Amino acid sequence: MSLIQSKTFKAVAIICLCIIAVVASVQTSGLTRAVIELLAFGGLIALALAKPYIQQEINEEE
């Protein structure tokens with residue numbers, strides 16, 4: 001199983017990206033804030049569209 005498909009990794013990454021977006025909203029303004037929030041949102045979309053973890057390898061060995 002690759003790291004990006006790990007449920008724990010995805011959960012931690014989603015939480016971190018949300019925290020980054022909130023901190024950017026509070027601590028910065030203008031273009032900097034917009035860029036940081038855009039990157040965080042892009043990361044969330046990428047994680048959401050990533051293939052879900054499916055245990056196909058285990059089922060094939062049985």
Q | Yes/no for Glu37 being modelled with pLDDT under 85 and not aliphatic (A, V, I, L, M) | A | no
Q) So how many residues does segment 4-27 have that are in contact (Cβ under 8 Å) with a residue 24 or more places away in the chain and among the β-branched types (Val, Ile, Thr)? A) 2
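The values are calculated or read from the model by the stated rules, or taken from the named source; none is laboratory data. Predicted model only: the values in this text are computed from it and were never measured. Neighbour counts are summed over all protein chains in view; Cβ atoms, including those assigned to glycine, are modelled from backbone coordinates with ideal geometry.
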